[in-house]
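Single-structure report; data block below.
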Amino acid sequence: MVITFNELRRIKDKLPSGSSKRIADELNIDVDTVRNYFGGSHFEAGAPAGVHYEKGPDGGVVTLDDTTILDAAMRILNEVRA
């Protein structure tokens, strides 16, 4: 999946507090891996997140190898909206 960096950050910023931990717990991964997925730089602690950045307009383009973390984030956002 390809998404702009700014859109990925907008999704992250809309998540309620504690969502990174919740996603990590649900997926049985390190919370820093979730943070890295959304543009963090906790590479010493978290695993690579399968996210590739290319500079450009609107923050550049992000190619996501796996959308599992994004899917979990969108599920949380849908719960908040409901």
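Each row is one residue, and each column tells you yes or no for (1) under 14 Å from Met1 (Cα atoms); (2) modelled with pLDDT of 90 or more; (3) open to solvent by 90 Å² or more (accessible area, probe 1.4 Å).
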site: Ile29; (1), (2), (3): no, yes, no
site: Gly39; (1), (2), (3): no, no, no
site: Glu44; (1), (2), (3): no, no, yes
site: Val61; (1), (2), (3): yes, yes, no
site: Asp66; (1), (2), (3): yes, yes, no
site: Leu70; (1), (2), (3): yes, yes, no
site: Ala73; (1), (2), (3): no, yes, no
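Evaluate the following for Ile11: is it on the phi < 0 side of the Ramachandran plot, surrounded by fewer than 17 Cβ atoms within 10 Å (Cβ to Cβ) and either among the acidic types (Asp, Glu) or part of a helix (DSSP H, G or I) (or both)? First the steps, then the outcome.
Working: on the phi < 0 side of the Ramachandran plot: yes; surrounded by fewer than 17 Cβ atoms within 10 Å (Cβ to Cβ): yes; either among the acidic types (Asp, Glu) or part of a helix (DSSP H, G or I) (or both): yes.
Yes, satisfied.
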### Message
Which pairs turn up if I take residues in the range 15-32 that are under 16 Å from Met74 (Cα atoms) and look for partners that are modelled with pLDDT of 95 or more and open to solvent by 50 Å² or more (accessible area, probe 1.4 Å) with beta carbon separation below 8 Å, at least 6 apart in sequence or on another chain?
### Response
Leu27/Thr68
### Message
Could you go through the range 29-38 and let me know if any residue there is in contact with a strand residue (DSSP E or B) (Cβ under 9 Å, 6 or more places away or on another chain), part of a loop (DSSP other than H, G, I, E, B) and of a type in the set (D, E, K, R).
### Response
no
### Message
I'm checking my understanding of the structure. Among residues of the range 46-59 that are within 16 Å of Asn6 (Cβ to Cβ) and open to solvent by less than 80 Å² (accessible area, probe 1.4 Å), which one is modelled with the highest pLDDT?
### Response
Gly56
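The values are calculated or read from the model by the stated rules, or taken from the named source; none is laboratory data. On a predicted model such as this, the values are computed, not experimentally measured, just so you know. Positions of Cβ are generated from backbone atoms using ideal geometry, with glycine treated the same way; all protein chains shown enter the neighbour counts. The accessibility values were calculated without ligands, DNA or RNA, using every heavy atom of the protein model including side chains. Shrake-Rupley method; radii C 1.70, N 1.55, O 1.52, S 1.80 Å.
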